[in-house]
Amino acid sequence: MAQIHPTALIDSGAVIADDATVGPYCVIGPNVSIASGCRLVSQVSISGHTTVGERTVIYPFASLGTPPQSTKYKGGPTRLVIGADCDIREGVTMNTGTEEDGGLTQVGDRCFFMVNSHVAHDCRIGNGVTFANGVLLGGHSVIGDNVTFGGGAAVRQFVRIGEGAMIVGLSGIRADVIPFGMAHGPLADLVGLNVVGMRRRGHSKADIHRLRAAYQAAFFGAGTFRERVEQVAAENAGHALVDGMITFIREAKRPLTMAVHRAETSEAS
């Protein structure tokens, strides 16, 4: 039987796993599902059509599943789905989706949301993503696996950030960031590649050097950007890291408008 503190307020329509723990003064709405092994420490509010995955831990004053902060929301039963093994710290907020974009805000597995970070409506967040304190994610953003955000970073709506990217603290992200890119600045520039992140993910030195060469050729070579991208694609066909960068660029719904710096002070050889 679930361990539920007597001060918690849980609607009869909520579904709470038998081995979940709900601490003091938590409030859980009628359309909420809490999976096995979850722990709500205390004073957590979960509302809306929200699903929390297995073994996720949620700390005081987190507010999950509240309606979108969007004038386009029509009041429908949109959803928030949070994956397994997430760590959601104090004051984190996450909104459900809007009807215009599938009605779903989705968070992957093994994500870490530090104090006062925010996930807006209709965002899609991959696995293993880390938000440091105060990170703000605008609506409809798409975040790849293993992205890391430094404290106070803010992301404009509809932006895509590719897997393994590093967003330096206090950066303002106004345009897409390529996989394994490193973005930095108040109006952020692309300043190189997240080589440290690639090493931590087990990529070989040869693969890292291959991606660095492709990055240099695509962003700083001769000819137009489109021509350079196609040349890099042809010369590196079948190389997974380069193919991932090329596919990300080709799938952009708007041009990659982030300024790119030639300096690579963020990279290690």
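The rows are residues; the columns are (1) at pLDDT 95 or above; (2) of a type outside the set (A, V, I, L, M, F, W, C); (3) over 28 Å from GLN43 (Cα atoms).
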| site | (1), (2), (3) |
| --- | --- |
| MET94 | yes, no, no |
| GLY97 | yes, yes, no |
| ARG110 | yes, yes, no |
| LEU137 | yes, no, no |
| GLY144 | yes, yes, yes |
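Among the residues of the stretch 189-242, those that are β-branched (Val, Ile, Thr) and touching a residue at least 60 places away in the same chain (Cβ under 8 Å) comprise VAL191, VAL195, VAL196. Restricting the stretch 45-61 to residues that are of a type in the set (A, V, I, L, M, F, W, C) and under 18 Å from ALA14 (Cα atoms) leaves a set whose member that is surrounded by the most Cβ atoms within 10 Å (Cβ to Cβ) is VAL52. Selection of the stretch 142-157 for residues being touching a residue at least 24 places away in the same chain (Cβ under 8 Å) and in a loop (DSSP other than H, G, I, E, B) yields GLY144, ASP145, ASN146, GLY151, GLN157. Does ALA268 satisfy the condition of being at pLDDT below 90, touching a helix residue (DSSP H, G or I) at 6+ places or on another chain (Cβ under 9 Å) and farther than 25 Å from ARG156 by Cβ? Considered against the rule, which asks whether it is at pLDDT below 90, touching a helix residue (DSSP H, G or I) at 6+ places or on another chain (Cβ under 9 Å) and farther than 25 Å from ARG156 by Cβ, ALA268 comes out as yes. Output the residue which, of all residues in the stretch 18-44 that are assigned to a loop (DSSP other than H, G, I, E, B) and touching a Cys at 6+ places or on another chain (Cβ under 7 Å), is surrounded by the most Cβ atoms within 10 Å (Cβ to Cβ). Here the residue is VAL44. Of the helices (runs of 4 or more DSSP H) contained entirely in the stretch 181-269, those carrying at least 2 residues that are under 22 Å from ASP145 (Cα atoms) fall at 195-200, 205-220, 240-250.
The values are calculated or read from the model by the stated rules, or taken from the named source; none is laboratory data. Since the structure is predicted, the reported quantities are computational estimates derived from the model, not experimental observations. Ideal geometry is used to build each Cβ from the backbone, glycine not excepted, and the neighbour counts take in all protein chains shown.
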